[in-house]
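The values are calculated or read from the model by the stated rules, or taken from the named source; none is laboratory data. Computed from a predicted structure; not experimentally measured. Using ideal geometry, Cβ is built from the backbone for each residue, glycine included, and neighbour counts are taken over all protein chains shown.
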Amino acid sequence: MKKKILIIEDNPMIVKSLEFKLTKDGYQVVVAQDGRKALKILETDAFQLVITDLMLPFINGIELIEHIKNNIPELPVIVLSTSKQEEIIMDAFKMGVNDFITKPFSPNELSLRVKRTIENN
Amino acid sequence: MNSLEHIVNDWPWILKLNALFIVLFLVFIIMVICSLVYLRIYKNQRERHKISYQENADEFLNNYMFNDDFDIKNEIETFKSKHLNTPLKKKITLRQILIYNENFKGESSVLIKKVFQELELDQFVFNILKKGSWYAKARAIYVLSELLVKEPRLVSPYLNAKHEEVREQAIYYFLKTATNNPLSFFKNLKTELTLWELVYIEDSIKYAYTGETPDFSIWLDHHLITIRIFSIKMIQQFNQFENIPKIIPFLYHENPHVRKETIRALYKLHYEALLEKVIPSFKDEEEVVKSEIIKAIQALGRIDQLKELKSLISNQDKRTELTYLQVEKNFMIN
Amino acid sequence: MALLQSTSLPSISILAPAFNEEANIVENIRSLLTINYPSYEIVIINDGSKDETLNRLIKSFHLVEDDALHYNFIPTKEIKKVYKSKSKSFKNLKIIDKENGGKADALNTGINVCKHGIICSIDVDCVLESDALLKLIKPFLNNKKKVIASGGVIRIANSCIIEDGKVIEVKLPNKFVARAQVIEYFRAFLMGRMAWSRMDGLLLISGAFGMFDKNTVMEAGGYNTNTVGEDMELLVRMRKMMRARNEAYTVGFIPDPLCWTEVPQDWKVLHRQRNRWTRGTAETLWLHKAMIFNPEYKVLGMLSTPYWLFFEWLAPLIEFIGIIFFIVLLCLGQIEWLFALSFFLVSYCFGILYSVTALLFEEYSFQQYKKTNYIYKLIITACLEPVLYHPFILWACLKGNIDLFRGRKSWGIMNRTGLRNAAK
């Protein structure tokens, strides 16, 4: 069975490319444009990985990660964010995030890290 | 019909005039309403087209970047003939290329710059730069900057363009594409820069320019005063301690804003001998400089040095007094 | 390129007076805290609210007393306490609690206490576009002349979908009275103010959202607490002062929609608002009557102030006299109906032409109302507005003049519900 990945990101171009690339890599991809929708999807569906932005409409990434780590602790999370502030990156890792990728990013590298994260779990 | 003409002919002039105006206004109203409706339909249609063009462009670009089985050579030819045959299609594809370029780095970012040239969109941009309106030109220069297209001779005339938006983009272009000496375009400038442009340059050096940090002291004797102030500020922001001796003479410059910026730069660079140079002239200084001297004492001095100044602040000068009191309070707390 | 990370843009102090705003104040401030600008502080001035405004703020933002020094450059009512937040997330928030003194006095207090050199006065319930400050600051930095103030376009938020302090979807107001104001605002901002700013003849920057150079405001003496038209009066006084000093200066205007505000949907509230605008205009013109037809003030003296005198202040009076005259003639049976009708149609057609031209400008430039049937609704509104809406405004303006001569100074009960002098 294909591994399922949830992408939470509000930039449609990034979403399109990630979807394209990860589908090519053989994953099944589900997209949520904002934190609120993501929570709803997570309630009904099971995933092997979540890739999320931090700046999101309605419910921001940090809140979302907190929710995931409290309720589905085994689900790995990769953050994809423009933030270069060390404080924020440190906070994210403290919350149990598995990987942190800053934008602009290399899709090939992201694909490798996705593979590694899923395999390690 | 005849009888109507008869009636109108019998009207006094004022009625005729009014009738003329009513007809005139009505015609205009109908014309305006027609253009309103036409514009709306045109814009709606354009929006719909834009969406489909965008989908085509995305499909092509994603395949180009991520699909190893993509027959690049043939696909480029097909895309060019089918999906790049109108200016709007080119513009939309260009916009998508810029978005991908902005978000990706590594291999994909190299590919996106390559596809820009393979699709011959660079020629399209050069044409806009030659013939377009000023806002299209500004946009074109922006595209060249983002995609790092090296055509400095094409862009350089726009450094002194009439429209500030074009000038801004030209400045940005030189900073973004420079690999060393990013401020060399300063020598081509003829008029004082506005604050906005200076902010723009500063930001571009910090965030867009990727080469080695330039030595700002070479611009300290530039004929434009704004560039001198800018250089002093940059020497401080980039901690160029080696340039401290070169900016000290500006403590005695005739322009108070130059003096103020110099004092600020020197105390931020922890230049210990600053206070003995500026405190003696405090009494006769301008208001803006006075406050800066007080702040310098906060950074480098002692409370007794501050208190010596108290009697020198005039009762009228409330702002300096307030700065004084604030700094005094900070001394007490620490 | 976005300049949003720049550390060298000037810092801005946002001043927002609040009076009995307990219902929405916390929400409104949260929305202000999300503005995109590298360096700004928000100063909320609680103007002696009688409700729970202050307590809600203290609780929601973890306020503690702020003991920073400030000086009363402009005399104001007494400050009871200044607060700041304990929490880092709200470190650019400052709350001033003071005795009630009216909007102008509240803004003056804010000017005295705030830290930065550029101030931005806003209505606390306005919804700002996220890049509003960045756009409004641009004229200050981009001009060879000194810029003393800049203003932007106010848009109408009635019926729009607003979430988290952002306009998510622009909708045309459901009620006719609000739609008529949409047309009115188009005329005022896209045609009127654009043209005046082109000639550097702007006399008013809406109190709902305007940016000022703090030093110039302080040198002019701050807001006048004795008028209900404090926003207009301040700008006129600042311009007068700059002229007296013979210093080159200008006032900036940004045509982009930057600020969304609710307009009155209730005829009674609308009446009070227009009543007040009329008094504000008249008071300002009276205070600065020396400028009117004074060639020394160039465009301001020869065009702007006469325009405001005749077309903003006196026009309703002249129109009213016309109506009275018409009624008298009607009673005496002296009306030539053909003539009367022709004059009526000329002015009616002209009014509609003016409105639809404003609509065309909007359609050509910003096209905020995207749905196709909105355009038809707006055209119909433009046709009905002169007969269904305008007479009411006329009456409100007349009432304003009557109240003025009777010496009524107050803001009316609607004190600060966010309906400021915006469209003139």
Log entry, pairs with first residue in segment B:141-164 being under 20 Å from B:K91 (Cβ atoms), second being part of a loop (DSSP other than H, G, I, E, B) and not basic (K, R), beta carbons closer than 7 Å, six or more apart or on different chains, reads B:L144/B:E151
Check your understanding: Is it the case that C:F320 is of a type in the set (A, V, I, L, M, F, W, C) and in contact (Cβ under 8 Å) with a residue 40 or more places away in the chain?
Key -> yes
Within segment C:245-280, of all residues that are touching a residue at least 12 places away in the same chain (Cβ under 8 Å) and polar (S, T, N, Q), the one farthest from C:V177 (Cα to Cα) is C:T250
If we ask which residues in segment B:315-329 are more than 10 Å from chain C (Cβ to nearest Cβ), at pLDDT below 85 and surrounded by 12 or more Cβ atoms within 10 Å (Cβ to Cβ), their number turns out to be 1
All-but-one check, C:F186 against (1) more than 17 Å from C:T250 (Cβ to Cβ); (2) out of contact with any strand residue (DSSP E or B) (no Cβ under 8 Å at 6 or more places or on another chain); (3) free of Cβ contacts under 8 Å to residues at least 40 places away in the same chain, failing number (3)
Of the residues in segment C:46-74 that are in a helix (DSSP H, G or I) and exposed (fewer than 13 other Cβ atoms within 10 Å of the Cβ), the one that is farthest from the chain's Cα centre (by Cα) is C:K59
For segment C:129-157, the count of residues that are under 18 Å from C:N215 (Cβ atoms), out of contact with any Leu (no Cβ under 6 Å at 6 or more places or on another chain) and among the polar types (S, T, N, Q) equals 1
Only one of B:I76, B:I29 is β-branched (V, I, T), surrounded by 13 or more Cβ atoms within 10 Å (Cβ to Cβ) and within 30 Å of C:F344 (Cβ to Cβ), namely B:I29
Here the residues within segment C:331-360 that are under 30 Å from C:V153 (Cα atoms) and more than 7 Å from chain B (Cβ to nearest Cβ) are C:S347, C:Y348, C:G351, C:Y354, C:S355, C:A358
Review point. Does segment C:261-273 contain at least one residue that is in a strand (DSSP E or B) and out of contact with any helix residue (DSSP H, G or I) (no Cβ under 8 Å at 6 or more places or on another chain)?
Key: yes
Check your understanding: Residues in segment B:248-264: is at least one over 25 Å from B:E192 (Cα atoms) and out of contact with any Pro (no Cβ under 8 Å at 6 or more places or on another chain)?
Key -> no
Answer yes or no: is there a residue in segment B:261-282 that is among the small types (G, A, S) and in contact (Cβ under 8 Å) with a residue 12 or more places away in the chain.
yes
Over segment B:65-108, the set of residues facing chain A (nearest Cβ under 10 Å) and more than 24 Å from the chain's Cα centre (by Cα) is B:M65, B:F66, B:N67, B:D68, B:D69, B:G106, B:E107, B:S108
Query raised in the report: So is B:E47 surrounded by fewer than 17 Cβ atoms within 10 Å (Cβ to Cβ), within 39 Å of the chain's Cα centre (by Cα) and either assigned to a helix (DSSP H, G or I) or at the interface with another protein chain (Cβ under 9 Å from one of its Cβ atoms) (or both) or not?
Result: yes
Quick count over segment C:358-377, residues being of a type in the set (A, V, I, L, M, F, W, C), modelled with pLDDT of 90 or more and either part of a loop (DSSP other than H, G, I, E, B) or over 23 Å from the mean Cα position of the chain (by Cα) (or both), is 2
Reported set for segment B:163-194 where residues are among the polar types (S, T, N, Q) and outside any helix (DSSP H, G or I) is B:T179, B:N180, B:N181, B:T191, B:T194
inquiry  = Against the definition (buried (at least 20 other Cβ atoms within 10 Å of the Cβ) and of a type in the set (D, E)), how does A:D91 come out, yes or no?
reply    = no
#### Entry: Residue in segment C:83-105 that is within 14 Å of another protein chain (Cβ to nearest Cβ) and closer than 26 Å to B:D317 by Cβ present
no
